[in-house]
Each structure stands twice: as C-alpha cells, then as structure tokens.
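Heads up: the structure comes next, in structure tokens.
The values are calculated or read from the model by the stated rules, or taken from the named source; none is laboratory data. All figures in this text were calculated on a predicted structure; none of them were measured in a lab. Quick reminder, even Gly has a Cβ in these numbers, built from the backbone with ideal geometry, and neighbours come from all protein chains shown. In case anyone asks, the SASA skips ligands and DNA or RNA and just uses the protein heavy atoms, side chains included. Shrake-Rupley method; radii C 1.70, N 1.55, O 1.52, S 1.80 Å.
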Amino acid sequence: MNVQDRRRLLGPPNARLLVFGSRQPETADTQTVKPADEIRPMFLKTGLITNANGSAYLEVDNTIISVSVFGPRPIRGSFIDRASFAVEFKFLPYVSQPMEAIFECHNEASKAAASSNLNGRSSLTGIEHKISSFIETSLLPSILLEKYPKSSIDIFVTVIANDAQTNLLNLANWAVNCSSLALVDSGIECKDVVTSGHVRLTANGNAILDPASNSERKAEGVAEAVVSFMNYHNNEIVGIWTESEGALDETNLSSLIEHSKKMSRQIRAAVNSYMLESVHNDD
Amino acid sequence: MKLSPAERSYLHDSLALQPPIRPDARSPAQFRPLEASISFLPSSNGSARIRLSDGSECIVSVKSKVVLTANVSSLILVDVDVSGYRDDSNFVSNLNYHLQSILNSHFPTAVLRLTSRYSFKIFVDCVVLLHTSYPLGLLSLTTYLALKTTSLPKLVSEVNDEEVEEQPTFSDDWDQSTPLIPTNSTFQPPLLFVVAVVGDNVFIDPSREEQEVSENGMIIGYETQGVISPFNNISLSDREVKGMKLLHVIKAHLLVKKCGEEVLKALNSVAKDEGGNAIF
C-alpha cells in the first residue's frame with residue numbers, strides 16, 4: 001500500500017536545509033583620513049567615446065566625470081576668423097547637485113515642465129551654468145582658436161556619479177582637469193595643457209589639498225579656491241574661483257594660489273605620465 | 001561692437017602704458033558717472049534704478065512675503081532679467097548665480113525672522129533694460145541701493161508663537177515700517193565689482209571698449225570688512241584672452257579694497273536722500 005502523503009506539497013525527498021555562512025562581524029567604518037598634502041588617487045582614460053573627436057573619463061572616489069570634445073566642426077552662416085568655443089557641463093538626471101537647495105530651480109513652472117519630461121530638465125541649472133563658464137574661462141586662453149576659422153569647438157562634460165556631500169569647487173576642479181585631457185585627446189592645437197588645483201585654508205594657516213567634502217568647511221575652513229594654471233606657460237592663472245567665510249586678504253589669496261599651483265603641478269605630472277604611457281601603448 | 005585691428009592695438013597699448021590712459025580719461029579706480037534714484041516703485045518694499053551716461057539702465061525691486069521658515073531653503077531669491085537674452089542663457093544664469101550666492105553667504109538672514117515659525121522671504125527682481133559692458137557691477141550697485149531702501153511692515157502680533165500657533169499680523173501704517181537694514185547696524189549688503197586686466201594694469205568698471213581689448217577679467221566681492229568671496233575670473237572678451245599673473249590678482253585685490261569704501265559711502269548718501277522718489 002502506498003502511504004505517500006498526497007494532500008500536501010512536499011519538497012523533493014533529498015532536499016536539505018539552506019545553511020548560511022556565519023555573518024562577518026561588521027567592520028567599523030574605517031574612513032582613512034587623507035593627509036592634507038596629498039591628492040586622492042584618480043583613474044584617467046581617454047578615447048572611450050568613439051564618435052567624439054576627443055574624450056576623457058575620470059574617476060576620483062565616487063566622482064565620475066566623462067568629457068567629449070566635438071570639433072573643429074564647420075559652422076553654417078557667415079564667416080568667422082576664429083573658432084567659437086562652448087562648454088556645457090551637465091549632471092545626469094539622477095545625480096544630486098551640490099547646493100541645489102539654495103538655487104531653487106527658478107520657479108514652479110520649470111520644475112513642472114522638468115517632471116513631465118522623462119529626460120529631466122531641458123535647460124541647465126544655475127550651478128551647471130556656473131561650472132560651464134568656469135571651465136570655458138579656464139580653457140579659452142590655452143586653445144589656439146585662430147587656427148580654426150569658420151569652425152566651432154564644443155565640449156560636453158557629464159557628471160555620471162557624484163556624492164551629495166562633494167564640494168562644488170572640488171567637482172569643478174576635476175571637471176577642468178578632465179576637460180583639458182579630452183582636449184589633448186582631440187588633437188586641437190593648444191598652447192599648454194590646463195590643470196587646476198583645489199585648496200582649503202584652515203584658520204591656523206594650514207592648507208588642505210583636494211578637500212573632498214563640505215563637512216569640515218564650516219568647522220575649520222576659512223577660505224577655499226580652485227585655480228587653473230598653464231603650468232608650462234609661465235604658470236599663468238587661467239581660472240580662479242574662491243569661496244570664503246569672511247574677509248579674504250592678500251596673504252590668504254596668494255597662499256591659496258600658491259598651494260593650488262602645487263596641486264595643479266602634481267595633476268599635470270599625472271596627466272603627462274598618462275599621455276606618455278598611452279603613446280607607448282599605441283606603438 | 002567690433003574694433004578694427006588699428007583701434008584695438010591703439011586702445012590696448014594706451015591701456016597697457018605706465019601710467020595707463022583710459023579712453024574717457026578716468027583713473028584706474030574711477031567709475032563711470034551714474035545717476036541713481038530710489039524708492040520709486042509704489043508696490044514694492046524697496047526699489048532702485050541706476051542709469052549710466054551710455055544709456056545702460058538697471059531697475060531692481062525688492063518684495064517680501066511671509067513664509068513658514070521650515071518650508072523654504074533660502075530666504076532670499078534673486079531673479080535677473082536682461083533684455084535681449086534668454087532667461088536660461090549662460091549669460092543671465094551666471095549673473096543670477098553671482099548675485100544669489102553673494103547674498104546667500106553674506107546677508108544675515110536673522111533679520112528676516114518674524115516669529116519662531118514665520119519669516120520674511122525676500123524676492124530681489126532685477127531688470128537690465130540696456131547694457132553695453134558686462135552688467136554685473138551695475139546690477140550689484142542697484143541691488144545694494146534697493147536693499148538699503150527696503151522697509152518691511154511692522155509686526156504687531158506676538159513674537160513667540162511656539163505654544164499658540166498664530167498667523168503674524170502687521171501694522172497697516174506704512175510710516176511704522178521698519179527698515180530691512182537698521183540705520184545703526186554695522187552690516188551693509190555686499191557689493192560685486194568687475195575688474196579688467198590689460199597688460200600689467202587693472203581697471204575697475206571697464207567700459208565696452210576696454211572690455212574688448214582686455215586680456216582677462218575678475219569679479220570681486222566687497223563688504224564693509226573688506227574684500228570677500230567671490231574672487232573669480234571671467235573672460236570679458238572672446239579675443240586674445242590670456243592668463244593672469246599673481247601680480248594681477250594682487251593688484252585687483254588692492255584696487256577693490258581702495259575704491260570699495262568710497263563706493264559704499266557714495267551709495268549710502270544716495271540711500272539717505274529721501275526726496276528723490278519721483279523719476280518720471
């Protein structure tokens with residue numbers, strides 16, 4: 001006589017219980033404190049975007065930036081004796097923007113329009129415009145625009161990932177560095193490769209290179225700046241953007257510039273070695 | 001406006017001389033003459049208009065609204081409108097950014113608190129009717145005057161509404177209104193100056209022609225305590241933009257420090273003058 005239980009759904013006869021491995025004890029959140037005079041390690045790669053004339057990709061911690069350069073492209077319309085140059089800096093729609101709250105995205109109407117459009121907003125926010133023009137101002141002196149009459153050069157910077165805590169100036173700094181590498185990749189004639197540095201001065205006069213988060217700023221920061229340089233062109237300052245809590249005197253200003261120069265030279269060295277390596281790899 | 005190569009070279013060389021010669025014979029720290037009027041818009045809390053001799057004109061109106069403090073992120077909102085430019089253009093957005101960020105970081109919003117729940121929110125609306133040179137300096141001067149002349153209705157209800165929720169009520173006597181910035185306070189609204197770099201010289205308030213030949217430009221903030229952020233650079237022309245030296249930056253800093261105080265004094269004397277409220 002068959003005594004199999006037909007009323008219940010039984011598992012296969014050789015079934016065994018799932019056994020989970022013992023859970024690892026959670027390691028304490030060991031956030032290594034970066035020494036004040038060091039830059040965080042970065043990852044650089046050029047030429048990932050194949051349909052652009054030049055492109056660069058950069059990762060620093062949780063910040064990921066991608067830049068594509070289009071140009072020199074012919075323009076329609078009347079003759080111009082030098083290329084027109086434009087930069088567009090954009091956060092991808094899901095990336096939270098620093099200082100979003102202060103610059104309310106203008107009005108409710110534009111917000112409503114943005115939410116009805118699946119691709120997010122159609123126009124740039126105030127912060128995006130500001131960083132766009134900072135990158136444009138920084139790169140403009142280096143490009144030999146008069147070599148390209150009747151053409152336009154466009155740079156599109158996209159922030160693919162970013163921490164909400166990331167400082168606005170820090171982001172601008174990496175965006176400039178990445179854009180100038182993309183410009184080199186595009187083969188557009190330049191006077192020099194622009195690199196920038198980001199420095200925060202503390203109340204006791206110390207300088208922190210590449211400060212990533214805003215958290216210490218309120219506590220101990222007195223002033224910070226991102227300054228772009230043409231390092232091999234008499235260290236000319238091509239872009240400067242400072243934020244300070246109180247008054248900004250000359251000594252603070254020149255020390256900000258000096259330390260940013262130091263950082264920009266370190267980044268320049270990294271960019272140079274990357275470019276040399278990529279030339280060797282091509283051979 | 002396009003300058004011919006000869007005009008450009010002449011202008012550039014005379015501005016790069018030691019001492020420099022500006023086309024309108026100004027000194028490097030001298031502003032263009034301007035005409036300012038205040039408190040002429042009947043329906044706003046404060047207003048100002050500045051006109052320059054070249055026809056540039058800017059009107060700023062300050063309005064206020066009572067809001068629940070917890071619901072808003074910022075108690076000041078700036079809106080800039082420049083005739084001939086789209087509101088979402090880079091040009092207008094950057095003007096807006098500079099005004100908004102300097103007011104956010106250097107305006108004591110504590111004066112806008114009404115009760116423990118409610119605050120005034122200030123709307124600064126700027127219109128540039130005509131401009132020839134970069135209008136940020138003009139906008140900033142006008143905004144300063146408008147904020148100085150802003151007065152807010154006097155609160156007559158209880159200040160402490162923590163236990164009993166109460167809508168704030170105001171005195172309907174406009175003569176009782178309190179100025180936004182009390183006359184005895186040490187605080188003054190922040191100002192922004194535009195500086196152009198030509199050769200080794202720096203110039204405040206560059207005119208259109210000076211901008212054309214400038215190699216770089218700077219936007220510098222100023223308050224009673226001295227130079228404040230922003231200290232940014234900006235390309236005022238799209239031709240022959242060059243990098244700056246540390247010397248230029250320091251020179252620009254000194255220049256703003258030197259003339260900032262005088263500008264504040266001049267603007268304050270305009271703001272005190274109650275008589276000039278008929279402009280039409």
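Below are the figures for this structure:
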quantity	calculated
Solvent-accessible surface (1.4 angstrom probe) belonging to A:Thr125, in square angstrom, nearest 10	20
For A:Ile143, solvent-accessible area (1.4 Å; no DNA, RNA or ligand), Å²	10
Potential lengthening between A:Arg16 and A:Ala86 on full extension [0.36 nm per residue; Cα-Cα distance subtracted]	18.7 nm
Computed E for A:Asn235/B:Val66 - FRET, C-beta separation, R0 60 angstrom, nearest 0.05	0.70
Per-pair calculated FRET efficiency, R0 = 51 Å: B:Arg86 and B:Asp161 via Cβ, rounded to 0.05	0.75
Most to least accessible of A:Lys34, B:Lys242, B:Lys121 (protein chains only, probe 1.4 Å)	B:Lys242, A:Lys34, B:Lys121
Pairwise label distance in nanometres, B:Ser53 with A:Asn51, each label 7 Å out on the Cα-Cβ vector	5.6
Radius of gyration, Dmax [the stretch B:36-175; alpha carbons; angstrom]	16.7, 57
Inter-label distance, nm, simple model (7 Å from Cα along the C-beta direction), A:Phe43/B:Lys258	5.2
Farthest toward positive dipole pole in the stretch A:42-282 [+1 Lys/Arg, -1 Asp/Glu at C-beta], among A:Ala182, A:Thr202, A:Ala164	A:Ala182
Computed FRET value (nearest 0.05) for A:Asn281 with A:Ser78, which takes r as the C-beta separation and R₀ as 25 Å	0.05
Hull shadow area, averaged, the protein assembly as shown [alpha-carbon convex hull, nm²]	40.2
Over 29 Å [Cα-Cα, chain B], rounded percent	37
Nearby lysines by direct alpha-carbon distance to B:Lys265 (threshold 23 angstrom, same-chain neighbours under 8 apart not counted)	B:Lys148, B:Lys251, B:Lys257
Residue-wise HN-Hα coupling along the stretch A:186-192, computed from phi with Karplus coefficients 6.51, -1.76, 1.60 (Hz; x: Gly, Pro)	6, x, 5, 5, 10, 6, 7
Largest to smallest accessible area among B:Thr69, B:Thr183 [probe 1.4 Å]	B:Thr183, B:Thr69
Prolate/oblate/rounded label for the stretch A:42-282 (Cα gyration tensor, a/c 1.5)	oblate
Among the listed pairs B:Lys63/B:Lys121; A:Lys261/B:Lys245; A:Lys130/A:Lys261; A:Lys191/B:Lys245, those beyond 18 Å (Cα-Cα)	A:Lys130/A:Lys261
By accessible area with a 1.4 Å probe, ligands and nucleic acids excluded, highest first: order of B:Ser237, A:Ser96	A:Ser96, B:Ser237
Length released on extending from B:Ser9 to B:Phe31, taking residue separation times 0.36 nm less the Cα-Cα span	5.6 nm
Test item: Cα-centred dipole of the stretch B:5-272, Lys/Arg +1 and Asp/Glu -1 on Cβ, debye	640
Theoretical gain in end-to-end length, A:Tyr94 to A:Asn206 [0.36 nm per residue, Cα-Cα removed]	36.7 nm
